[in-house]
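Read through the structure below, which is laid out as structure tokens, and then see the notes.
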Amino acid sequence: MPRLTTEQVLALAPDPASAKAGTGLAAARKWSGLGRDADTRMVWGLCQGSGAKPYQTQVDLGEPAFRCTCPSRKFPCKHSLGLLLLLAGDEKLFKAGELPEWVAEWVASRAVRAERRSVRQERETEDKPIDAEARARRVANRADKITAGLEELDLWLCDLVRGGIAGMESRPSTFFDTMASRLIDAQAPGAARLVRDLAFIPTTGEGWHARAVAQLGRLHLLTAAWPRIETLTPEMQADVRAHLGWALTESELAGHPAVDDEWIVIGQLIDENERLRVRRTWVHGVATNRIALLLHFAPGAAPFSELLPPLGGSLRAELVFFPGSVAQRAAIRSRREGEAASGPRPRPQGERSFSKAVGAFADALARDPWIERVPLLLEAVVPEQTSRGGWQLRDEAGAVLAIVPRFRGWTLLAVSGARPVWLSAEWTGEHLLPLAVAAGDTLHSLTAA
């Protein structure tokens, strides 16, 4: 197994409090019986808590999977995080050897459960061969539900526009939530999200009317495109389905070609709400010069199932891109641990001209009118604070791009020293969201700044 990093461990924390508590436990004096197997897939240790017996903590880094005898319901608990942070800090503290009985029992029980699942899946596959007719009926039923939902959405949009865009400010949240819930029932969660976003646009300050009209246009275009989907190109059909929220399954991606490369992590952002955490990771292919977006989801306080390298690190993997007019999102089909080069990796070359950089968004928008963001790699840009207290970037020609209003740019300013730097970011067509800034061979995250 490749060596774990502190950034990777903290990314597993279910919340900031767990990350802080785990960091406090990452001290060798608080642990005994630290050990690992030969390839450092399994690690374990005993952590003394408030009780008479120490907590037995064990982690399978391959999945990852966690087990601890503490009463915490968080997953992973602070002891699991502390154990992994200790491993990331000094692997020599963990002696390689045979698994203790309590670790071996857990490994064996998990192997038995995995075997049972495999046998059950094989039997289900044998007993229930793929029924093409049944699948076609399910697809048709969903299409009918979407059609009904979008017809109702079209009437709702007409009523909203007839009442005047300015009146959106006085609309109660239930006005938008009711329509969004109807679209969820119609199995169009992507359209539901666009409707819910409408409710917040009047709170975004100056220029919100134009942003509201643009969002209404996206929704109207979806209602117009869906009835004509069979007349569109395969790429545009994929765009419409994706933005409605009709996601492809892994089996449906199986027939698509994969891109094998060494992929460098150039930016990462985690969006959180009460029910779901979404991790957006941008990676750049060393040989292909291609940028991909990896999306991972974690319900509630659960950790992300896929361990990724830290910012600036790399993985050797085959990525399969989701179909569409602008192929950005990708999934990891396979990865080869240990094959990615060690040490600092060369940064991809950035664009020095803002006009050329944002032209990529115009091109993407022309092909996919619902696209919300594109990645930008910028070279020799200087961060500045505006007279109103906001932040912006300036290129060599003196052109400026506004940074998102909520961004606090002191980390960016400190790393850059107000000098030209390399930067990765997302561009929405209106604002820039900085992701990472380079200082020498090191990339510093800006998503928590």
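Restricting attention to segment 1-59, the residues that are of a type in the set (S, T, N, Q) and either within 25 Å of residue 313 (Cα to Cα) or in contact with a Lys or Arg (Cβ under 6 Å, 6 or more places away or on another chain) (or both) add up to 7. I'd like the full set of residues that are exposed (fewer than 14 other Cβ atoms within 10 Å of the Cβ) and at pLDDT 90 or above, limited to segment 373-398. Matches in segment 373-398: 386, 396, 397, 398.
No other residue among 32, 18, 80 is farther than 30 Å from residue 265 by Cα and of a type in the set (S, T, N, Q) apart from 32. Against the conditions (1) in contact with a strand residue (DSSP E or B) (Cβ under 6 Å, 6 or more places away or on another chain); (2) over 24 Å from residue 305 (Cβ atoms); (3) not acidic (Asp, Glu), residue 53 satisfies every one except (1).
Given the structure, is residue 376 outside the structural domain of residue 256 (by TED's automatic domain parsing) and either in a loop (DSSP other than H, G, I, E, B) or more than 20 Å from residue 248 (Cα to Cα) (or both)?
On the way: outside the structural domain of residue 256 (by TED's automatic domain parsing): yes; either in a loop (DSSP other than H, G, I, E, B) or more than 20 Å from residue 248 (Cα to Cα) (or both): yes.
Answer is yes for this residue.
Can you name the residue in segment 304-320 that is surrounded by 18 or more Cβ atoms within 10 Å (Cβ to Cβ) and over 14 Å from residue 281 (Cα atoms) and is also modelled with the lowest pLDDT among such residues? Among those that are surrounded by 18 or more Cβ atoms within 10 Å (Cβ to Cβ) and over 14 Å from residue 281 (Cα atoms), it is 317.
Strands (runs of 3 or more DSSP E) wholly in segment 1-102 with at least 2 residues that are free of Cβ contacts under 8 Å to residues at least 12 places away in the same chain - which ones? Walk me through it before giving the result.
Details: elements: 31-36, 42-47, 55-60, 65-68.
Per the criteria, no element qualifies.
Restricting attention to segment 338-359, does a residue exist that is in contact with a helix residue (DSSP H, G or I) (Cβ under 6 Å, 6 or more places away or on another chain) and not acidic (Asp, Glu)? Walk me through how you get there before you give the answer.
Step one: of segment 338-359, the residues in contact with a helix residue (DSSP H, G or I) (Cβ under 6 Å, 6 or more places away or on another chain) are 351.
Now drop any that are not not acidic (Asp, Glu), which leaves none.
No, there is no match, as no residue in segment 338-359 is in contact with a helix residue (DSSP H, G or I) (Cβ under 6 Å, 6 or more places away or on another chain) and not acidic (Asp, Glu).
The set of residues in segment 8-29 that are more than 16 Å from residue 303 (Cα to Cα) and surrounded by fewer than 18 Cβ atoms within 10 Å (Cβ to Cβ) comprises 23, 24, 27, 28, 29. The number of residues in segment 62-112 being under 20 Å from residue 298 (Cβ atoms) and surrounded by fewer than 12 Cβ atoms within 10 Å (Cβ to Cβ) comes to 1.
What residue, among those in segment 348-366 that are surrounded by fewer than 14 Cβ atoms within 10 Å (Cβ to Cβ) and among the charged types (D, E, K, R), is farthest from residue 203 (Cα to Cα)? Can you show your working first?
Taking segment 348-366 as the starting set, the residues that turn out to be surrounded by fewer than 14 Cβ atoms within 10 Å (Cβ to Cβ) are 349, 355-356, 359, 362-363, 366.
Now drop any that are not among the charged types (D, E, K, R), which leaves 356, 363.
Details: 356: 31, 363: 29 Å.
The qualifying residue farthest from residue 203 (Cα to Cα) is 356.
The values are calculated or read from the model by the stated rules, or taken from the named source; none is laboratory data. Note that this is a predicted model, so its numbers are computed, not measured. All Cβ positions, even for glycine, are placed from backbone atoms using ideal geometry, and neighbour counts span all protein chains on display.
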